[in-house]
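Colleague: Have a look at this one before I ask anything.
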Amino acid sequence: MHYRKFAAFAVAVLLALSAIGTASAKTNEQGSLQAIEPLNIAILIQDDLVSEVGNEIGVTRDFIRSLPEGSRVMVGYITTGTLQVRQPFTTDLEKAAKSLRIPTASRGSSAFNPYVEVLEALRKFDGDWNGANAVLLISDGLDTSRGFDSTAAGHTLDIDRTISEANKRRVSIFSFYAPSVGLTSHSHLAASYGQSSLNRVSDDTGGKAFFQGTTGFVTFDSYFSRLRETLNRQYARAR
């Protein structure tokens, strides 16, 4: 009788510990990046993205705060053909997180070509830094600086230059697709063009592009979850 009670108690304890361990592992996988070395990352946000992107500033701040101690973060906005650096590279993650602002969601701040500003951001990485280098580009990916030619999706001069510069500086470009208030929120063809461009830039620099369909807006929650998994896998510490 006593043996049965003890065995039942032991099983209950083991099940409880197993549940705690599982929950802890899930929290670490989805909520932090502690499995990787400090990262040097520039977060670039296209300023004319649809207003719903403003609701994602909170999860973007959480992502910055989840970076390993010692990481360097730059925050910039791609607006009216220029790169507006809100926060130069800093190891103060809280300061970087607080520098985020809601995009203007205005056609007046249209980027026309986000890749020129990505090139500018790439040149702010210091070759003497330790750790992996990355860009997180939040954009519709559409280059209309030389007109809208769907046959050139992913193969414009500035996309080629961006890929070349990123590879020279060993910077992987990760990208989140979101439609702008311009063409990509009204045209499936334009949205497909932009996604194809982001996909090529990310694939050819060792990064990854995240998007779901060409209609409407999807929150960044699933994007950040998949990005964390990718970063943990790609930049895991040698054990």
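Colleague: Kindly indicate whether any position in region 211-221 is in contact with a Pro (Cβ under 8 Å, 6 or more places away or on another chain) and acidic (Asp, Glu).
Modeller: Checked against the condition, which is being in contact with a Pro (Cβ under 8 Å, 6 or more places away or on another chain) and acidic (Asp, Glu), region 211-221 yields no hits at all.
Colleague: Give the residues of region 93-121 that are modelled with pLDDT of 90 or more and outside any helix (DSSP H, G or I), sorted by residue number.
Modeller: Ser99, Leu100, Arg101, Ile102, Pro103, Thr104
Colleague: Return the residues of region 126-159 that are modelled with pLDDT under 85, in a helix (DSSP H, G or I) and closer than 13 Å to Val201 by Cβ; say none if nothing qualifies.
Modeller: The answer is none; no residue qualifies.
Colleague: Next question, about the same structure. Please specify each residue of region 159-192 satisfying the condition of being within 15 Å of Gly141 (Cβ to Cβ) and acidic (Asp, Glu).
Modeller: Asp160 - this is the single residue of region 159-192 that is within 15 Å of Gly141 (Cβ to Cβ) and acidic (Asp, Glu).
Colleague: Are any residues in region 64-80 under 20 Å from Pro114 (Cβ atoms) and under 15 Å from the mean Cα position of the chain (by Cα), and if so, which ones?
Modeller: Within region 64-80, Val73, Met74, Val75, Gly76, Tyr77, Ile78 qualify.
Colleague: Restricting to region 217-235, name every residue that is at pLDDT below 90, in contact with a helix residue (DSSP H, G or I) (Cβ under 8 Å, 6 or more places away or on another chain) and either among the hydroxyl-bearing types (Ser, Thr, Tyr) or loosely packed, with under 15 Cβ neighbours inside 10 Å (or both).
Modeller: Matches in region 217-235: Thr219 only.
Colleague: Right, Leu83: over 18 Å from Arg170 (Cβ atoms), within 14 Å of the chain's Cα centre (by Cα) and not in a helix (DSSP H, G or I) or not?
Modeller: Criteria not met by Leu83.
Colleague: Go through region 177-210 and give me each residue that's hydroxyl-bearing (Ser, Thr, Tyr), at pLDDT 90 or above and assigned to a loop (DSSP other than H, G, I, E, B).
Modeller: Thr205
Colleague: I've got another one for you. Just to be sure before I move on: is Thr214 over 21 Å from Thr144 (Cβ atoms), modelled with pLDDT under 90, of a type in the set (Ser, Thr, Tyr) and in a loop (DSSP other than H, G, I, E, B) in the structure I sent?
Modeller: No; evaluated as a whole, the condition is false for this residue.
Colleague: Related question: If you check Leu44, Leu67, which single one turns out to be buried (at least 21 other Cβ atoms within 10 Å of the Cβ), modelled with pLDDT of 95 or more, aliphatic (A, V, I, L, M) and over 25 Å from Gln195 (Cβ atoms)?
Modeller: Values: Leu44 fails: over 25 Å from Gln195 (Cβ atoms).
Exactly one of Leu44, Leu67 is buried (at least 21 other Cβ atoms within 10 Å of the Cβ), modelled with pLDDT of 95 or more, aliphatic (A, V, I, L, M) and over 25 Å from Gln195 (Cβ atoms), namely Leu67.
Colleague: Taking region 87-135 on its own, how many of its residues are farther than 21 Å from Ser172 by Cα and basic (Lys, Arg)?
Modeller: Qualifying residue count for the region: 4.
The values are calculated or read from the model by the stated rules, or taken from the named source; none is laboratory data. Keep in mind the model is a prediction, meaning the values are calculated, not measured. Positions of Cβ are generated from backbone atoms using ideal geometry, with glycine treated the same way; all protein chains shown enter the neighbour counts.
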